[in-house]
Amino acid sequence: MSRQMYYYETAQGHGLPHDPFNAIVGPRPIGWISSQDAKGRLNLAPYSFFNAFNYVPPIIGFASVGRKDSLNNIEQTGEFAWNLVTRPLVEAMNESCAAVGPEVDEFELGHLTPVASQVIAVPRVLESPVSFECKVTQILQLQGLDSVPVPTWLILGEVVAVHIDKTLLVDGIYDTAAAQPVLRGGGAADYFELGKRFQLYRPK
């Protein structure tokens, strides 16, 4: 089969209207991360570079592109919670990604309810049907081929407790489709709901 390939070397730029990298590596689960600083100020933020990396112990991770409040908070406390973004919660998630100062509580922006976790001090999102309580195992600053650090940090955490809405357990098996998870695509506004694309623009 003959195929015409678009080729570029990343150091020279992609030459396209939008970088295809994160659209190709997608759709991706959203890391909706709740955290708090040493003073107890809450933060809730979505991260599109997120995934699971290990079974036993269960380890998840997300990347903070730039030094953001979540990273600062997690460095101070060593804890965070992950909360599942579902189709009914997508507007609230979008509100929580607004670029605001550390004094602003994104739970309030999204009209969401912080509820106490069981093992960690950081609250989870009451409205989310699934949450992981996590303790940090590693924080790594990424670097390029030239060994020069880039302003992106990978935060890895061990899941120490799990909360699942019982309606999502069918004969003891988690029903992924019933949870209506929202996934991040590429472009400025592409999201997916189990293969169904919809658009959502970030607040300005």
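Highest mean packing first, where packing is the average number of other Cβ atoms within 10 Å per residue, the peptides 56-64, 123-131, 166-174, 137-145 line up as 123-131, 56-64, 137-145, 166-174.
Sorting 100-111, 177-188 by their mean Cβ neighbour count within 10 Å, with the most densely packed peptide first, gives 177-188, 100-111. Here the 3J(HN,Hα) profile of the range 138-146, calculated from phi with Karplus coefficients 6.51, -1.76 and 1.60 at θ = phi - 60°, is 8, 10, 10, 7, 6, 9, x, 4, 7 Hz, Gly and Pro shown as x.
Please list log₁₀ I(q)/I(0) at q = 0.08, 0.16 Å⁻¹ for the range 10-199, using the Debye equation with identical point scatterers on the alpha-carbon positions. Evaluating at q = 0.08, 0.16 Å⁻¹ gives log10 I(q)/I(0) of -0.26, -1.06. In percent, how large is the relative contact order of the chain, given Cα pairs closer than 8 Å and 6 or more residues apart? Relative contact order of the chain: 23 percent.
What ranking of M5, M93 emerges when the number of other C-beta atoms within 10 Å of each C-beta is taken as an exposure proxy, fewest first?
In order of increasing Cβ crowding within 10 Å: M5, M93.
Cα centroids of the range 31-72 and the range 142-204: 11 Å apart.
In the structure shown, the pairs K68/K166; K39/K68; K68/K204 are assessed against 25 Å; a Cα-Cα span above that value is assigned to K68/K166. 3J(HN,Hα) along the range 17-29: x, 8, 4, x, 3, 6, 7, 6, 8, x, x, 10, x Hz, from the Karplus curve 6.51 cos²θ - 1.76 cosθ + 1.60 with θ = phi - 60°, whole Hz, x for Gly and Pro. Entry note, the chain: the mean residue ellipticity at 222 nm calculated from DSSP H runs of n ≥ 4, each adding -39500 (n - 2.57), is -2500 deg cm²/dmol after division by the residues and rounding to the nearest 500.
All of the numbers you see were taken from the coordinates with simple rules; none came from a lab. Source: prediction; values computed, not measured. So basically every Cβ, Gly included, is an ideal-geometry build from the backbone, and we count neighbours across all protein chains shown.
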